[in-house]
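The values are calculated or read from the model by the stated rules, or taken from the named source; none is laboratory data. All figures in this text were calculated on a predicted structure; none of them were measured in a lab. A quick note on method: Cβ atoms are made from the backbone with ideal geometry, for glycine too, and the neighbour counts reach across all protein chains shown.
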Amino acid sequence: MKRLHYCQHVPFEGLGSIATWADAAGFQISGTRFYRDDPLPDVDNLEWLVIMGGPMNIYEEGAHPWLRDEKKVIHQAIVRGKTVLGICLGAQLVADVLGAAVKANRYREIGWFPIYKTTAAEKIRVAAALPDGLPVLHWHGDTFDLPDGAVNLAKSDACDHQGFVFNQRVVGLQFHLEATPQSLERLILHCRSEIDGSPYVQDPAVMLADPTRFTAANKAMDRLLDELNRP
């Protein structure tokens, strides 16, 4: 049985729809919840490493010293050829481990906005999971430069680098395909101070208004995970 291990930084940003997919695909699921001081895994004992989001920044190692050890585990997983998926903060951590800069984006991006696939992405297998123009849930103020050797998957009007693939097995997504209405409600509750009325920040009522957006995003996540799970 394959083992999927996830790193969760705060109680309100969990696996979402990824847990449903992994259970149906027969994975053994384990996790490190840093807010509970859970230990990090032995990378040799897992096939997948999934790194979730969080309100902290990748450079806040003084406030969150576990970030140093998390980055080491991400590096080990990449070097040893594991499947690695980073989401939002997770994608920024993967980009940082791969040597790319993580910095403030020119806009804060919170809400449902479409992403547009790059020309380079058309040659990447996992990109087939992302319909061009798909509205996805964003919740970030930082962004990443593209790591050397990685392919830029998509961009939005507010952010040039929305995702990347490195060596076919390592994927970073700035957005939240795994989101459910319940997980978004928790994000709104805990991070409401970031909803500042700036150009690419939506009102909570707008974000929660259309349940079909979650269905379409979760379907895209399932397809992306299916592609990553192929031999």
Legend entry - Output for the range 96-114, where each listed residue is buried (at least 24 other Cβ atoms within 10 Å of the Cβ), out of contact with any Asp or Glu (no Cβ under 7 Å at 6 or more places or on another chain) and either hydroxyl-bearing (Ser, Thr, Tyr) or in contact (Cβ under 8 Å) with a residue 40 or more places away in the chain (or both): GLU109
Inset, instruction - Scan the range 179-194 and report the pairs whose first residue is free of Cβ contacts under 8 Å to residues at least 24 places away in the same chain and whose second residue is assigned to a helix (DSSP H, G or I), with Cβ atoms within less than 6 Å and a gap of 6+ or a chain change. - result: ILE188/PRO204
Inset, instruction - Considering (1) out of contact with any strand residue (DSSP E or B) (no Cβ under 9 Å at 6 or more places or on another chain); (2) farther than 12 Å from TRP112 by Cα; (3) at pLDDT 95 or above; (4) surrounded by fewer than 17 Cβ atoms within 10 Å (Cβ to Cβ), say which one PRO231 fails and leave the rest. - result: (3)
Inset, instruction - Please enumerate the residues belonging to the range 149-162 that are among the small types (Gly, Ala, Ser) and at negative phi. - result: ALA150, ALA154, SER156, ALA158
Inset, instruction - Could you please give the count of residues in the range 73-95 that are in contact (Cβ under 8 Å) with a residue 24 or more places away in the chain and out of contact with any helix residue (DSSP H, G or I) (no Cβ under 8 Å at 6 or more places or on another chain)? - result: 8
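Counting only residues that are in a loop (DSSP other than H, G, I, E, B) and either surrounded by 13 or more Cβ atoms within 10 Å (Cβ to Cβ) or among the hydrophobic types (A, V, I, L, M, F, W, C) (or both), how many does the range 23-58 have? First the steps, then the outcome.
From the range 23-58, those in a loop (DSSP other than H, G, I, E, B) are 25-27, 37-42, 46-47, 52-58; that's our starting set.
The next check asks that each one be either surrounded by 13 or more Cβ atoms within 10 Å (Cβ to Cβ) or among the hydrophobic types (A, V, I, L, M, F, W, C) (or both); those that pass are 25, 27, 38, 40-41, 46-47, 52-58.
Qualifying residue count for the region: 14.
Give the number of residues within the range 108-149 that are of a type in the set (A, V, I, L, M, F, W, C) and closer than 16 Å to LEU224 by Cβ.
Step one: of the range 108-149, the residues of a type in the set (A, V, I, L, M, F, W, C) are 110, 112-113, 115, 120-121, 124, 126-130, 134, 136-137, 139, 144, 146.
Cutting the leftovers down to closer than 16 Å to LEU224 by Cβ gives us 115, 121, 124, 126-130, 134, 136-137.
Residues that pass the stated criteria total 11.
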Legend entry - the range 120-172: number of residues that are farther than 16 Å from TYR200 by Cα and among the polar types (S, T, N, Q): 3
Inset, instruction - Go through (1) crowded, with 20+ Cβ neighbours inside 10 Å; (2) touching a Gly at 6+ places or on another chain (Cβ under 6 Å) one by one and return the number of the condition GLN202 breaks. - result: (1)
Legend entry - Hits in the range 59-90 - residues which are in a loop (DSSP other than H, G, I, E, B) and within 28 Å of GLY26 (Cβ to Cβ): ARG80, GLY81, LYS82, CYS88
